[in-house]
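The block underneath contains the structure these notes are about, expressed in structure tokens.
The values are calculated or read from the model by the stated rules, or taken from the named source; none is laboratory data. It should be emphasised that the depicted structure is a prediction, and the values quoted were computed from it without experimental measurement. Note that we place each Cβ from the backbone using ideal geometry, even for glycine, and neighbour counts take in every protein chain shown. Calculation scope for accessible area: heavy atoms of the full protein, side chains included, ligands and nucleic acids excluded. Shrake-Rupley method; radii C 1.70, N 1.55, O 1.52, S 1.80 Å.
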Amino acid sequence: MSSKQVVLITGASTGFGRLFTETLARRGHTVFATMRDPGGRNAGNAAEIRGLAKKESLPIHVLEMDVTDDASVERGVAGAVAKAGWLDVAINNAGYYLSGLEEAVTTEQARRLMDTNFLGVVRVNRAVLPHMRRQRSGVIMHISSGAGRIILPSAGFYCASKFAMEALAEAYSYELAAQGIESVIVEPGQYETPVFGNTVMAADEARTETYGVAKEFPAKVNGALSSTAGNAQDVADVVLRIVETPAGEKKLRYFVSPQDVGLNEINAFLAGVQGKVLEAFGLGGDTKFVKGKAVGAA
């Protein structure tokens, strides 16, 4: 694989996605920063990214992509591949936080959350994987959360969306290994990003009011998350390190957090369990990574 890679990032208008874009591009990687409506609601963000790219001569291209729309995802990926010629890395970063007691979350709110945080990943991976499988190389990266392994009261639906993403990403890692493609999960802890400013609250306030002391859970959890947040650049630095790790040497999961809550121990224990499960089904040898040759390799 060439040292300078072609990377597509979803949800790149702000937050982690914006940081990933700038960090990777400053390292010389070609970045397709995708976002919803860059000519409308995200026009300011798109203009800032383009301005930065021009000022610093960075290889950044802004593309429109709505991960909740199949056609939009297909167009965005096709546009990136047409311009660059291939695609080395896809970073599934688009998503948002839903806060509130679980009974107070409406079915419509739950559907919208999963459509973005989980099905958005399905759409992007289905669009990029045919290109990567032809290359017999590539990385699909999934920006999960510590909440993809542990449960926070009043964040159950958000946790569920990240648990679902992690299950899918791990299944991909087994199925794609023999084709030279790696599936990677990044689990950030508490970091300061605009995600908390864009929090969606559970809509059924009448049910929340019947919960007594538990109705204070959302405020307590959200307050703790924002007050102990670290520097989000730490996560961008880990993403850069993963992108630049040679093919076949990446881990499945990377937990990065200003607080140690035991996730590394959870991940290590479950990796052992998964190994036994694969062997029990006779799949151990079939899930080993096989290094291929990228289209853009020297």
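Things worth noting here:
- Taking the accessible area of segment 89-216, probe 1.4 Å, and keeping the other protein chains in place, the carbon and sulfur fraction comes to 56%.
- Solvent exposure of the chain, expressed per residue, is 46 Å² of accessible area, with all protein chains present and a 1.4 angstrom probe.
- The base-10 log of I(q)/I(0) for segment 114-181, evaluated at q = 0.15, 0.20 Å⁻¹, reads -0.50, -0.79 [Debye formula, identical scatterers on Cα atoms, solvent excluded].
- Here the simple spin-label model places points 7 Å from the Cα toward Cβ, and for Ser3 and Glu103 these points are separated by 6.0 nm.
- Each eigenvalue of the Cα gyration tensor of segment 4-104, multiplied by 5 and square-rooted, gives one semi-axis; in descending order these are 24, 16, 13 Å.
- Projected over all directions and averaged, the alpha-carbon convex hull of segment 61-139 occupies 5.9 nm².
- Packing rank of 117-127, 247-257, where each peptide gets the mean count of other beta carbons within 10 Å, highest leading: 117-127, 247-257
- Ile266-Met201 FRET efficiency (beta carbon distance; Förster radius 25 Å; 0.05 resolution): 0.30
- Descending principal axes extents, segment 1-52, alpha-carbon based, whole Å: 36, 18, 17
- Within straight-line reach of Lys291, meaning a Cα separation under 17 Å, sit the following lysines at least 8 residues removed in sequence or on another chain: Lys250, Lys251.
- For Arg241 and Asp69, a Förster radius of 30 Å and the Cβ-Cβ distance give a FRET efficiency of 0.40, rounded to the nearest 0.05.
- A Förster radius of 22 Å combined with the Cβ-Cβ distance from Glu56 to Asp234 puts the calculated FRET efficiency at roughly 0.50.
- Amide H contacts of Gly138 (H built 1.01 Å from N, under 5 Å, at least 5 apart or other chain): Glu182
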